[in-house]
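The values are calculated or read from the model by the stated rules, or taken from the named source; none is laboratory data. Quick caveat: nothing in here was measured; it's all calculated off a predicted structure. Cβ sites come from the backbone with ideal geometry, for glycine too, and all protein chains shown count toward neighbours.
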Amino acid sequence: MSWHDGAVTTVLNDSPFVRACRGLDVPHTPVWFMRQAGRSLPEYRKIREGIGMLDSCRRPDLVTEITLQPVRRHNVDAAILFSDIVVPIAAAGIDLDIVPGTGPVVAEPVRTPAGIERLRQITPDDVGFVAESVRLLVKELGGTPLIGFAGAPFTLASYLIEGGPSRTYLKTKAMMYGEPALWNALLSRLADITLTFLRTQIDAGVSAVQLFDSWAGALSEADYREHVLPHSSRVLAGLAGAGVPRIHFGVGTAVLLEAMGEAGADVVGVDWRTPLDRATKVIGPSKAVQGNLDPAVLFAGREVVEREARRVLEQGRAAPGHVFNLGHGVMPETDPDALTRLVAFVHETSAR
């Protein structure tokens, strides 16, 4: 029997995580953490010693072990594939590196039609190592769902245009405002690449996918609706028949939540700045929500963590489904035991 058919699929579809994404009753609020497989874990730091980030993402054996580490340690309700949002654009022919302490750095920024032509459409074979990683993980995880992911067109475009991380997105916005034809050509190409990348993960067996538009919070609602929403919507619509929940997440997106709710995802991730009950009113009553404990709360002591987690759980009840998470990724300095205790607290407190 295929691992994506029959009894295994039934177990995964009936998991608290997938049920919450679909707005169904759950035995407890499911919880996982963005960046749960990462630098907060000593076992992760040890296994990554001397191995670059992109090289790590291309080794299915390493991806499998790193993805499993937080599942073993924290008892989270879902694993998320260890990878990076720039993996598909590297596969598309862009010369880039993930520099420790900096992030993705692009050798030749993409700011011209010729630059876009260098960004070729990928095939599943170009990211075959990702599909192999997913297949290995589905076998190892058994009844624990695996989340696949990709970067949204705007966030990927910002790295390509700026040449790396940015605080102002000046070059990105200059193209968006001043060269709309070039902008749409670039984001359309990135939407195609992202769709292929996510479909490859779904075909290999992931139970859900998350589209990270990490830096969309740099935009006004009007600019997001005109220049970004059509491309993100095309990605999410392209997965509508795939049979897995689609999660959409960005940081600093309070003014964009209504528009993000229209993009086509089943679940909208909310950062820590907006209470989940207020976010639900804006997003709409048909969407599940994910979030949204401030990652910094984990440094404040057990009593504070539990108080704030209880508040998030209470506010999350306003939505038809709630997946507990942080409002952004786990910080590297986080005590892993604090995460383990938080998972147990969420499970116990929310048990039906």
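Quick check on this structure: which one of 102, 123 is β-branched (Val, Ile, Thr), surrounded by fewer than 15 Cβ atoms within 10 Å (Cβ to Cβ) and at pLDDT 95 or above? Reasoning before the result, please.
On the way: 102 fails: at pLDDT 95 or above.
Only one candidate qualifies: 123.
Annotation: of all residues in the range 32-59 being at negative phi, surrounded by fewer than 14 Cβ atoms within 10 Å (Cβ to Cβ) and in a loop (DSSP other than H, G, I, E, B), the one that is farthest from the chain's Cα centre (by Cα) is 49.
Restricting to the range 159-188, name every residue that is touching a residue at least 60 places away in the same chain (Cβ under 8 Å), under 20 Å from the mean Cα position of the chain (by Cα) and within 22 Å of residue 263 (Cβ to Cβ).
Listed by number, the residues that qualify are 159, 160.
Hey, any hits in the range 59-74 for a residue that's at pLDDT 95 or above, over 22 Å from residue 348 (Cα atoms), of a type outside the set (A, V, I, L, M, F, W, C) and touching a strand residue (DSSP E or B) at 6+ places or on another chain (Cβ under 7 Å)? Checked against the condition, which is being at pLDDT 95 or above, over 22 Å from residue 348 (Cα atoms), of a type outside the set (A, V, I, L, M, F, W, C) and touching a strand residue (DSSP E or B) at 6+ places or on another chain (Cβ under 7 Å), the range 59-74 yields at least one hit. The residues of the range 325-349 that are of a type in the set (Asp, Glu) and either part of a loop (DSSP other than H, G, I, E, B) or touching a strand residue (DSSP E or B) at 6+ places or on another chain (Cβ under 9 Å) (or both), listed by number, are 333, 335. Every test in (1) among the charged types (D, E, K, R); (2) within 26 Å of residue 246 (Cβ to Cβ); (3) under 21 Å from the mean Cα position of the chain (by Cα) is passed by residue 333 save one, and that test is (2).
Taking the condition in contact (Cβ under 8 Å) with a residue 40 or more places away in the chain and buried (at least 17 other Cβ atoms within 10 Å of the Cβ), does residue 143 pass? So that I can check it myself, show each step before the final result.
Values: in contact (Cβ under 8 Å) with a residue 40 or more places away in the chain: yes; buried (at least 17 other Cβ atoms within 10 Å of the Cβ): no.
So residue 143 does not fit the description; no.
Scanning the range 339-352 for residues that are of a type in the set (A, V, I, L, M, F, W, C), under 22 Å from the mean Cα position of the chain (by Cα) and farther than 19 Å from residue 271 by Cβ yields a count of 1.
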